[in-house]
Ligand SMILES: [Mg+2]
């Protein structure tokens, strides 16, 4: 079976246990680009559909965390805007951070889905019940993942995971329309 075919549908049963969605940021919620300003500040581009999905997940009672190795005011602003559960930045070792986060939130390993793209995310994969890679992740991350999003980082991969978890948990009403078949268009 090819890597590309190991989609989220294949792990639906495990996704039904997920209560915490943890996202790496650069290359997952963004396409990996960091626009560095002359004054040292930086900009990032987030996908609006990911944002809507994260808000829906929170509304449905799920917990959402950002887990980034870097520190960025832009990411902090996005985290505040979305009202996520935990904005963890400057994380040195993501496995230990995930263990601490799980303990503080009272969430078991099986109740965590982590979405990553690069080698530094592998320790977090090991601490998560469902390890998911964005479609354009590093080859070793694709190989280690339980499932792979169709979308790339910054291109709706987070939304894809959110929808899969909501549907697997029977929480499709949090995002009206996702559970229904696509409307037929008139010819
Ligand atoms: Mg990354």
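Assess whether residue 155 counts as being touching a strand residue (DSSP E or B) at 6+ places or on another chain (Cβ under 9 Å), within 24 Å of residue 43 (Cβ to Cβ) and outside any helix (DSSP H, G or I). When the stated conditions are applied, residue 155 does not pass them.
Would you mention how many residues in segment 68-91 are farther than 22 Å from residue 36 by Cβ and within 16 Å of the ligand (Cβ to nearest atom)? Adding up the residues that qualify gives 1. Would you call residue 54 away from the ligand (no atom under 16 Å from the Cβ), part of a helix (DSSP H, G or I), under 13 Å from the mean Cα position of the chain (by Cα) and closer than 30 Å to residue 170 by Cα? Yes: the conditions hold for residue 54.
Condition check ((1) out of contact with any strand residue (DSSP E or B) (no Cβ under 8 Å at 6 or more places or on another chain); (2) at pLDDT below 95; (3) crowded, with 16+ Cβ neighbours inside 10 Å) across all residues:
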residue: 8; (1), (2), (3): no, no, yes
residue: 48; (1), (2), (3): yes, no, no
residue: 52; (1), (2), (3): yes, no, no
residue: 55; (1), (2), (3): yes, no, yes
residue: 62; (1), (2), (3): no, no, yes
residue: 65; (1), (2), (3): no, no, yes
residue: 69; (1), (2), (3): yes, no, yes
residue: 74; (1), (2), (3): no, no, yes
residue: 86; (1), (2), (3): no, no, yes
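Which residue out of 113, 124, 96 is more than 14 Å from the ligand (Cβ to nearest atom) and either assigned to a loop (DSSP other than H, G, I, E, B) or within 13 Å of the chain's Cα centre (by Cα) (or both)? None of the others qualify; the one that does is 113. For beta carbons closer than 6 Å, sequence separation of 6+ or different chains, a first residue in segment 147-173 that is without any contact (Cβ under 8 Å) to a residue 40 or more places away in the chain and a second that is part of a helix (DSSP H, G or I), the qualifying pairs are 151/157; 151/160; 172/166.
Applying the criterion of being in a loop (DSSP other than H, G, I, E, B), away from the ligand (no atom under 16 Å from the Cβ) and under 15 Å from the mean Cα position of the chain (by Cα) to the residues of segment 10-34, the residue that is surrounded by the fewest Cβ atoms within 10 Å (Cβ to Cβ) is 19.
The values are calculated or read from the model by the stated rules, or taken from the named source; none is laboratory data. These numbers come from a predicted model, not from an experiment. All Cβ positions, glycine included, derive from the backbone under ideal geometry; neighbour counts span all protein chains shown.
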